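Below is one structure, written out as structure tokens; comments come after it.
The values are calculated or read from the model by the stated rules, or taken from the named source; none is laboratory data. Not measured: the values here are computed from a predicted model. For neighbour counting, all protein chains shown are included, and Cβ atoms are generated from backbone atoms with ideal geometry for every residue, glycine included. Calculation scope for accessible area: heavy atoms of the full protein, side chains included, ligands and nucleic acids excluded. Shrake-Rupley method; radii C 1.70, N 1.55, O 1.52, S 1.80 Å.
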Amino acid sequence: MLVTFNDVSFKYTDKVLLNKVNFTINETDKIGLLGVNGTGKSTLLKLLVGSLDATSGIIYKKNGLKISYLAQDTPFISNNTILEEIKRITKTKEEDAYNMKSILNKLGLNDHERIIKTLSGGEKKRLALACTLIAPADLIVLDEPTNHLDIWMINWLEKYLIKFNKAVLLVTHDRYFLERITKKIMELEFGNIHIYDGNYQTFLNQKVIRLEELKASKRKLTSILKKEEKWINMNPQARSTKSKERIERFDKLTQDLKSVSNIIKENETTISLESNKTRIGKKTIIIKDLKKSFGDKILFENFNYTLKRFDRLGIVGSNGVGKSSLFKSILGLIQPDFGTIEIGETINVGYFSQEEEDMDENMRIIDYVKEKGEYIETVDGVISASEFLENYLFTPTQQYMNIKTLSGGEKRRLKLVRLLLSNPNVLFLDEPTNDLDIYTLEILEDYLENFKGSIVTVSHDRYFLDKICDHFLFFEDGVIKEQNGFVSDYVQITNTQKQKPIKKEEEPKIKFTASMRKEFEHILDDITILEEKVKELEKSKILCGSDYQKLLDIEKEQDSINKEIDEKINRWEYLNELNDLIMKERLK
């Protein structure tokens, strides 16, 4: 046992974020923490690491527990170099310098002598992640670790955390990431924690069962409540005989029914989000010979593309290659070096940018949204701004609160609602999944799948891209290439090109046999056991003394086990790739 929450509560002003929460984190747990933006996920992490104090309850921690924590914001000394800062924060020993530099390089921070104040916001986030991974820890706590990572960095981080043989607790919206790393899901919902054993796919299955049970519970509570209500409303002569306990029971039943109803409502979409078809003329957006460079670096040149009327286009590339600059050049937000962009008269562009928008913090949420439109047209009729907000998880009460009461993720969700209410027929989405919770993403994906217009999106979220886009543009060395198919397939191909190719007879089939499913479910545990054996053998070396032959025998056994670990990791990658293909078949 590393950490135990015992009846832990936390209240912020009048809002209860945690209500007598109980859970335990063990030595090798890999846990994903889910919840709607604003429910208190980051607060729970801060309570765990000790930067916040609980309102009530007790948090037990193992003596000497080392926690390495990636917060949403990490302070740095601006005049230090990357190398100086990472050594200061992690207290890295000289013998660990190779590992430290290797991790920095994997996260795109190759110039270790750069001064911190010259780094972009995304580069600082990646430096904070590097510090978290390098620092000695029994438990790694990660708050949105995939933000500001490109697809290849995320792929590397997945493998790193899978091999990490200690505990991990992470908050992330990346569903492939959750699927591959976690063995347990904790869902924070209305101040309570619900625990599901298994990865993200298992969580989805178990959540459906739980919702069905809640519906049955709601029916039962409603039936009992009706009987109690008849009794509570009896004639005045009978009121004096009513027991205090039965009145309290009636009040509790009422509260329980309200809680169950809220959970069911939050997990069920009742408003149709299929957008209304807005007329798009023959002329859409035509891009000819576009070029953009910064200094001596060419981001792209000779780029030509004509947007199709119902395009589903993803844009993919490493950080800093110019994806956002391409968007801004097309939309006239920055001036290209060369080329022309023609936009048809019927085109109404909706642009969702990465940058934080200045908001009047004292404005009411409903008023902020209504500035762009009071209604949105769908195929089923007109939906009011208030109804649309409610579908994006802003309750009627919350809508009349000021924007300053919202969390960072909730503000980004609000910005998305405002954009969609402007009724665009072409959407340019720049990293739309950043800081949005999974529940909002599922609502957005439902809207986009039925959107009667064109979609162009920059994203590092493979699940999102696989679900929404049918082809994509890939940036490489100033050249933009068009590719068809799933983004995750392309990433897998580019990651394995330098590795030994899969033999013909080993090519994945689109189903698991029973034995393969069993192997896939246990292979990560097998790897952990083997890694523990290597550790034990390392300890045994100390006891060898001057027995050189015994030392050689131990090292030989270590080499053998390490070879077995490598074989199992390669086997896991094969099975994981097959599992991805099966998941994609289910998405179709």
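Structure note, pairs Lys117/Lys297; Lys183/Lys541; Lys62/Lys101; Lys91/Lys124; Lys61/Lys541; Lys328/Lys452: Cα-Cα distances above 28 angstrom occur for Lys183/Lys541; Lys62/Lys101; Lys61/Lys541.
Calculate, for Thr81 and Ile286, the FRET efficiency according to 1/(1 + (r/R0)^6) with r their C-beta to C-beta distance and R0 56 Å; round to the nearest 0.05. Walk me through the numbers before you get to the answer.
Values: r = 46 Å, r/R0 = 0.82.
The value I calculate is 0.75.
Distance from the alpha carbon centroid of region 381-427 to that of region 98-126 works out to 36 angstrom. Per residue, region 523-565 exposes 69 Å² of accessible surface when a 1.4 Å probe is rolled over the protein heavy atoms with every protein chain present. Taken one residue at a time, the phi angles of region 30-44 give Karplus couplings (6.51, -1.76, 1.60, θ = phi - 60°) of 10, 10, x, 9, 10, x, 5, 3, x, 7, x, 4, 5, 4, 4 Hz. Gly and Pro are set to x.
So, for region 51-92, what is the accessible surface per residue at a probe of 1.4 Å, expressed in square angstrom? Intermediate results must be reported in sequence, preceding the final value.
Working: 2690 Å² over 42 residues.
On a per-residue basis, region 51-92 sits at 64 Å².
To put it simply, the accessible area of region 116-198 at a 1.4 Å probe is 51 percent carbon and sulfur. Loop-located GluC sites (Glu not before Pro) in region 101-173 (DSSP state not H, G, I, E or B) with no more than 14 neighbouring Cβ atoms inside 10 Å: Glu113.
Take the Cβ atoms of Ser422 and Asn362, set R0 to 22 Å, and the FRET efficiency comes out at 0.45.
Rounded to the nearest whole Å², what accessible area per residue is found for region 109-149 with the 1.4 Å probe?
On the way: 1300 Å² over 41 residues.
Ligands and nucleic acids excluded, the result is 32 Å² per residue.
Loop-located trypsin sites (Lys or Arg not before Pro) in region 92-167 (DSSP state not H, G, I, E or B) with no more than 12 neighbouring Cβ atoms inside 10 Å: Lys93.
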